[in-house]
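Since the structure comes first, as structure tokens, the remarks are kept for the end.
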């Protein structure tokens, strides 16, 4: 069995050595143009030249949860994309979203401004019941986030393409319930995959429906920059319709230094770090899936196999 590693903007050597330790019987090398054909590949944002050079690939194992970059490539017909199910990312995502939510709910941004000015002030406590949280996307990451938010006694709504049963979460299903989901949610968390249907979903017409159309909605985007129509956000903030936003992902990354998001007082920016890949956990998961395939388990029975038609 031969495995090749192609990681754009990542050091391949630790992955190669880790995979060799986890799969001692395999021939594992970092990809170079003209490398021998491999059975499987471990990748992050590989170029089309890599795919064209590796036409015998069966499994294409992504080291992140998002696979939109791979779906844009022309793949051999037998190649299946396999994403990470979790590998330590869901707890990080839950931490990030809960931090952003509580920072907004408890008005810690305002306290920070007061503290810098040397002012000792108090703010009237707010009711969690007035801040229902809507989670868009209830996959592995979204479910963990929804459960974590519910532990802080916020009302939690979840929107998904298919029905989900999660304790403490009110499930809205399909396009026909989307407007009701937005109206029932004051804080909106985007954890959707990027598909033609979800691109630009965080746009003016949808954001105006948050919180039943009343001012005070808040946006947390930890999915992909393509979900947000960037030009729509600041006018809604400046008009007071939205109270703020925490953004971890952007259409262009790194976010340019002159982008207005950096300086807007109602926007918190982080550099796409809400859930980073944990190498050891990821290697263990990928190696386990490769062993399963080589033992005769089919892709249909393997967790994390991407349905190219759905985009996730």
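A compact table of results
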item: Whole-angstrom gap from the range 248-289 to the range 142-186, using each part's C-alpha centre; result: 23 Å
item: Rg/Rg_ref, the range 169-312, where Rg_ref = 2.2 N^0.38 Å and atoms are Cα; result: 1.27
item: Gaussian network model of the chain, Cα within-10 Å springs - most flexible of 32, 197, 114; result: 114
item: Degrees separating the helix 279-294 axis from the principal Cα axis of the chain, which is the longest one; result: 50 degrees
item: Coarse-grained scattering of the range 89-269 at q = 0.09, 0.15 Å⁻¹, given as base-10 log I(q)/I(0) from a Debye sum over alpha-carbon atoms; result: -0.30, -0.85
item: On Cα atoms only, tilt of 140-150 relative to the major axis of the chain in degrees; result: 30 degrees
item: Helix-derived mean residue ellipticity, 222 nm - over the chain, DSSP H n ≥ 4, -39500 (n - 2.57), to 500; result: -8500 deg cm²/dmol
item: Using distinct alpha-carbon pairs, which all enter the 1/r mean, Kirkwood radius of the chain in Å; result: 21.0 Å
item: Highest-fluctuation residue, 158, 273, 142 considered, GNM on the chain with Cα pairs under 10 Å; result: 273
item: Most mobile listed residue (261, 218, 111) in the chain, GNM with C-alpha springs under 10 Å; result: 111
item: Per principal axis, descending, Cα span of the range 1-141 in whole Å; result: 67, 29, 27
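Computed from the coordinates by the stated procedures, all read-outs in this text should not be read as laboratory data. Nothing here was measured: the structure is a model prediction, and the numbers come from that model.
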